[in-house]
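Before any comments, here is the structure.
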Amino acid sequence: MQAAFTTKYGGPDVITYSENYSKAQLKSTDHVLIQVANSALNPIDGLRNRGYMRLLEPDSHPHIFAYDVAGFVAEVGTAVTAFKKGDRVYARIGESEQGTTAGFVSVRDVHVAIAPKNKPLLETAGIPLVGLTVLQSFEAGGLKRGQRIFISKGSGGVGTFAIQLAKHVYGAYVITTGSEKKIPLLKSLGADEVIDYHKTKFWEVVKDVDFAYDVSDQPWAHAMITKKGGVVIALRGAPTAETAKHILSTEPGLVLSSVLSAANFLSSRFAWWYGLRYDAVFCKASGKDLAQIAQYIEAGKIKPLVDSVYDLKNAKDAMEKLESGRATGKVIISVDDTLDKAFPRA
């Protein structure tokens, strides 16, 4: 099969393409083998490729990377009852599963969902990791209708999804940041207020939000704008004891245990100082959550936003675009667009 993979830890320059990589096989009776139409990149892919995640999840090389996939079921394990060959699906793979920048990938059935029927797989591929991250973040923080939420980095993959979910599903009042030229787009997605970060520091003008969603790794700034009793949820940062316990239940190890214990101590003091609730959310693969997200997309409440599309053989260029920080929406990798016959690529 064709595949893009890394040969060692490093940046985009260590990404290699081959048309003769060994084809992925079903790994277990509860797995689904997906023929990949499209994959998508996320910041964690670049971090993992560079070795920054090796204490949490060491990789052997060659390493096929990326978590997001959209495609068709090619084969199902004997224990799988929810899917059949030919189903049009999408998924965020598990940590121990082979990546998605390849012709086929074997995924646990509980991580898979039927893809939204009204969108091409090229767009759907960019949803799983960011969609799950945002949905699980809002659930963890208890976002409620009518609350004021601040979302940093509104034009990124997480931000564009978070704005839409907060506004059109949760019914929140949404404040975000973006450059002047991105303001019309962000408002069209549902933002009530957009702060031009080139001109204004958000912590100087935003006050008393109920929920601060820290996508930019600025915990103190987000705490400053959150009212007493409010919530700060971070994508990067120190997890609470409960979250750390969940991570350790699936990722045991002395080094990781020590890191998370120290991190929990810091997050507890951080929350106490500001009189708010703080947590860092770690995305959990979930077909059930993806099925819910598919309903939101089919109802028109969420619109996938694609920045650019690269053929698999140009995965190196795709990673360079992702790491440039200039993408508005998702960077998609086309593995085999001919599979999605209902939505032929122009």
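Can G71 be described as part of a helix (DSSP H, G or I) and of a type outside the set (D, E, K, R)? No: the conditions fail for G71.
Summed over the range 315-341, the residues that are over 30 Å from E180 (Cβ atoms) and free of Cβ contacts under 8 Å to residues at least 12 places away in the same chain give a count of 2. Scanning the range 114-163 for residues that are touching a residue at least 12 places away in the same chain (Cβ under 8 Å), assigned to a helix (DSSP H, G or I) and more than 15 Å from the chain's Cα centre (by Cα) turns up L121, L122, A140, G141.
Being touching a Ser or Thr at 6+ places or on another chain (Cβ under 7 Å) and within 16 Å of I64 (Cα to Cα) is the filter here, so list the residues in the range 82-97 that pass it. Within the range 82-97, I93, E97 meet the criteria. State whether the residues of the range 283-305 include one that is under 18 Å from the mean Cα position of the chain (by Cα), closer than 26 Å to L189 by Cβ and assigned to a strand (DSSP E or B). No. Restricting to the range 1-49, name every residue that is without any contact (Cβ under 8 Å) to a residue 24 or more places away in the chain and either within 15 Å of L322 (Cα to Cα) or part of a strand (DSSP E or B) (or both). Listed by number, the residues that qualify are S18, L47, R48.
Residues that are closer than 23 Å to K227 by Cβ, modelled with pLDDT of 95 or more and either among the hydroxyl-bearing types (S, T, Y) or assigned to a helix (DSSP H, G or I) (or both) are absent from the range 178-196 altogether.
For beta carbons closer than 6 Å, sequence separation of 6+ or different chains, a first residue in the range 287-302 that is in contact (Cβ under 8 Å) with a residue 12 or more places away in the chain and a second that is of a type in the set (A, V, I, L, M) and part of a loop (DSSP other than H, G, I, E, B), the qualifying pairs are Y296/I302.
The values are calculated or read from the model by the stated rules, or taken from the named source; none is laboratory data. Just so it is clear, the model here is predicted, and its values are computed rather than measured. Because the Cβ atoms are built from the backbone with ideal geometry, glycine has one as well, and the counts that use them run over all protein chains shown.
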